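Undergrad: This is the structure I have questions about; it appears just below.
The values are calculated or read from the model by the stated rules, or taken from the named source; none is laboratory data. What you are looking at is a predicted structure, and each value in this text was computed from that prediction instead of being measured. Ideal geometry is used to build each Cβ from the backbone, glycine not excepted, and the neighbour counts take in all protein chains shown. Side chains included, ligands, DNA and RNA excluded: accessible areas come from the protein's heavy atoms. Shrake-Rupley method; radii C 1.70, N 1.55, O 1.52, S 1.80 Å.
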Amino acid sequence: MNAVTRRAVIATAAVSMALTLGACGKAGGDDSGDKGSSTKIGLLLPENKTSRYESLDKPQFEKAVKAACADCEVVYNNAVSDVVKQKQQFDQLIADGIKVIALDPVDATKAEGWITEAKAKGVKVVAYDRAVKGADAYVSHDNNKVGELQGQALLAALGPKAATANVVMINGDEKDPNAGLFKKGAHTALDGKVGKIAYEASGEWDPKVAGEKMSAAISSVGKDKIGAVYSANDGMAGGVITSLENAGIKDIPVGGQDAEVAGIQRIIAGSQTFTIYKSPLQLAPEAAKFAVNLLKGKELAAQGATDGVPSTLFPPVVVDKTNIQTTVIKDGIYKAADLCTSDLAAKCTALGIK
């Protein structure tokens, strides 16, 4: 082999090696090769009728992702209760090269198929607040316990009247697995301890629908025969209370969930008895931690497992007029000014809210 040929062979080999190394670097997930898949995390929330999603969960998740991964970006969409729209949002995230999605599904059963499709494309999914079979991780609160606490708080509010009280139950959307857990937990607490469940229906997580179902309950049971109302969340409790007030029914226990501003304000005013606080300061950061760890290939560090899915479940807390200051205000979720409007100022002062 002459010198010219030798130099040509060496040069060709060097180019081939460089191309091979470059390809290996890209296959290994070099950030410079695909920013879309290495720095972006999808967040899909189910609806905006419940105010917590936009006002609490989304900003807390974004804040926690940024704290754990300075270069990461959250790509967010809300499905506004439309499962078809959410599937389109899910598919678009995958098409855009996003490799980790935190999903709070409109319909958890349908979302099982989405996860199967995602896994086939190398996409990992964190089930956010609602369990989905096949997810890579799951973060929520103990939702059966949520229902138990709701039922127990309703019993406490009824006191000695519980044994003979007619209770109306306005449950959540039947497509939401959490709604079934809340309902189950509430029945565990209430069954055999109240006079009877006189009327029960789904309010579909919609205040308007819940109000309509409450009006139907009033017609069915009788306006003077309803002892208390279980509402699966605060939004529906607002619709329930409006219907009660329109019928001239006052001073009966009504419970909710989510610790929304409007729900807590009704507790201060006296029209709602309690809510359930599921701190986004726990939920969103844990989901963000899982998402970032999945993105970076790190250990999840989950507390346990739910149906085989690595998971962390946080304990919920009952909030009533006695502990608003030491829960949602102390945690920084709300300031007193957020809750204590001019018409509630005197009542806030009386309750020590400041």
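Undergrad: Where the only charges are on Cβ atoms (+1 Lys, Arg; -1 Asp, Glu), what is the dipole of segment 173-271 about its Cα centre, to the nearest 20 debye? Before the final figure, lay out each step's value.
TA: Details: 11 positive and 14 negative charges, 74 e Å.
Dipole magnitude for segment 173-271 comes out near 360 debye.
Undergrad: Using Cα pairs closer than 8 Å and at least 6 residues apart in sequence, work out the relative contact order for segment 79-220, in percent.
TA: Details: 215 pairs, mean separation 27.1, N = 142.
So the answer I get is 19 percent.
Undergrad: Report the FRET efficiency, 1/(1 + (r/R0)^6), for Lys161 and Lys335, where r is their Cβ-Cβ distance and R0 is 30 Å, rounded to 0.05. Can you show the working numbers first?
TA: Details: r = 36 Å, r/R0 = 1.20.
After rounding, the FRET efficiency stands at 0.25.
Undergrad: Please check which bits of segment 115-139 a label hung off Ala305 would reach, taking the label as a point 7 Å along Cα-to-C-beta and the cut-off as backbone N under 16 Å.
TA: Backbone N within reach: 132-139.
Undergrad: Using Kirkwood radius over Cα pairs in Å as the read-out, say which of (i) 21.6; (ii) 22.2; (iii) 20.7 was calculated from these coordinates.
TA: (ii)
Undergrad: Using the Cβ atoms and a cut-off under 12 Å, what net charge is assigned to the surroundings of Asp91, where Lys and Arg are +1 and Asp and Glu are -1?
TA: Numbers: positive: Lys85, Lys87, Lys121; negative: Asp96, Glu117.
Once positives and negatives cancel, what remains is +1.
Undergrad: Placing unit charges on C-beta atoms (Lys and Arg positive, Asp and Glu negative, everything else neutral), compute the dipole magnitude of the chain about its Cα centre in debye, rounded to 20.
TA: Numbers: 41 positive and 41 negative charges, 115 e Å.
Once rounded to the nearest 20, the dipole reads 560 debye.
Undergrad: Under 10 Å, Cα contacts only: if you run a Gaussian network model on the chain, which one of Gly172, Gly256, Gly297 comes out with the highest mean-square fluctuation?
TA: Between Gly172, Gly256, Gly297, it is Gly297 that shows the largest mean-square fluctuation.
Undergrad: While we're on this one: Of Gly195, Ala337, Ala70, which is farthest towards the positive pole of the chain's charge dipole, taken about the Cα centre with +1 and -1 on the beta-carbons of Lys, Arg and Asp, Glu respectively?
TA: Ala70
Undergrad: A further question follows. Can you give me the long-range amide H partners of Asn233? Hydrogens built in the peptide plane at 1.01 Å from N, cutoff under 5 Å, separation of 5 or more residues or another chain.
TA: Excluding prolines and chain starts, which carry no amide H, the hits are Gln257.
Undergrad: May I ask you to derive the relative contact order of the chain, considering only C-alpha pairs under 8 Å and at least 6 residues apart, and to give it as an integer percent?
TA: On the way: 668 pairs, mean separation 57.0, N = 354.
Over the chain, the number comes to 16 percent.
Undergrad: For the chain, find the longest principal axis of its Cα atoms and tell me its angle to the long axis of helix 3-27, 0 to 90°, nearest 10.
TA: It works out to around 10 degrees.
Undergrad: For segment 270-317 and segment 228-250, what is the separation of their Cα centres, given in Å?
TA: Centre-to-centre (Cα) distance: 29 Å.
Undergrad: Hey, what's the chain come to in accessible area per residue, 1.4 Å probe, Å²?
TA: Details: 16010 Å² over 354 residues.
That works out to 45 Å² per residue.
Undergrad: Simple spin-label model, 7 Å along Cα-to-Cβ: Glu73 to Lys223 in nm?
TA: Computed distance between label sites Glu73 and Lys223 equals 5.7 nm.
Undergrad: Compare Ala156, Ala288, Ala228 in a GNM of the chain, Cα atoms joined below 10 Å, and give the one with the largest fluctuation.
TA: Taking springs between Cα atoms under 10 Å, the residue moving most is Ala156.
Undergrad: Please list, in chain and number order, the residues 5+ apart from Ile252 or on another chain whose amide H is under 5 Å from its amide H, with Hs placed from the backbone.
TA: Hits under the 5 Å cutoff: none.
Undergrad: Using θ = phi - 60° and the Karplus curve 6.51 cos²θ - 1.76 cosθ + 1.60, what whole-Hz ³J(HN,Hα) does each residue of segment 189-197 get, with Gly and Pro shown as x?
TA: 6, 8, 4, x, 10, 10, x, 5, 7
Undergrad: Would you mind classifying segment 215-328 by shape? Square roots of the alpha carbon gyration tensor eigenvalues, ordered a ≥ b ≥ c; an a/c under 1.5 is rounded, otherwise it is prolate if a/b is larger than b/c and oblate if not.
TA: Values: a/c = 3.51, a/b = 2.40, b/c = 1.47.
The shape class here is prolate.
Undergrad: Still on this model: Assign one of three labels to segment 73-127, namely rounded, prolate or oblate, based on the Cα gyration tensor with a ≥ b ≥ c the square roots of its eigenvalues; rounded applies when a/c is under 1.5, prolate when it is not and a/b is larger than b/c, and oblate otherwise.
TA: Numbers: a/c = 1.67, a/b = 1.18, b/c = 1.41.
Cα axes put segment 73-127 in the oblate bin.
Undergrad: Still on this model: Can you tell me which lysines have their Cα less than 16 Å from the Cα of Lys330? Leave out same-chain residues fewer than eight positions away.
TA: Within the straight-line cut-off, Lys330 pairs with Lys278, Lys321, Lys354.
Undergrad: Any chance you could give the angle, 0 to 90 degrees and rounded to 10, that helix 143-158 forms with the longest Cα principal axis of the chain?
TA: Once rounded, one gets 20 degrees.
Undergrad: Now, a different point. Excluding residues fewer than 8 places away in the same chain, name every one of the lysines whose C-alpha is closer than 18 Å to that of Lys40.
TA: Lys26, Lys58, Lys63, Lys66, Lys99, Lys119, Lys121, Lys124, Lys289, Lys296, Lys298
Undergrad: As I understand it, the value is the acute angle between the Cα axis of helix 83-95 and the longest principal axis of the Cα atoms of the chain; what does it come to in degrees, rounded to 10?
TA: 20 degrees
Undergrad: Ok, one more. Going by a ≥ b ≥ c, the root eigenvalues of the Cα gyration tensor, does segment 150-284 fall in the rounded group (a/c under 1.5), the prolate group (a/b larger than b/c) or the oblate group? Let's see the in-between values first.
TA: Working: a/c = 1.36, a/b = 1.25, b/c = 1.08.
Judged from the Cα gyration tensor, segment 150-284 comes out rounded (a/c under 1.5).
Undergrad: Could you name the lysines whose alpha carbon sits less than 17 Å from that of Lys85, not counting residues in the same chain fewer than 8 places away?
TA: Candidates past the 8-residue exclusion: Lys49, Lys110, Lys175.
Undergrad: Now a separate question. Using helices alone, what [θ] at 222 nm do you get for the chain, with -39,500 (n - 2.57) per DSSP H run of 4 or more residues, divided over all residues and rounded to the nearest 500? Could you put the intermediate results ahead of the total?
TA: Values: 13 runs with 162 residues, N = 354.
Value at 222 nm, helices only, nearest 500: -14500 deg cm²/dmol.
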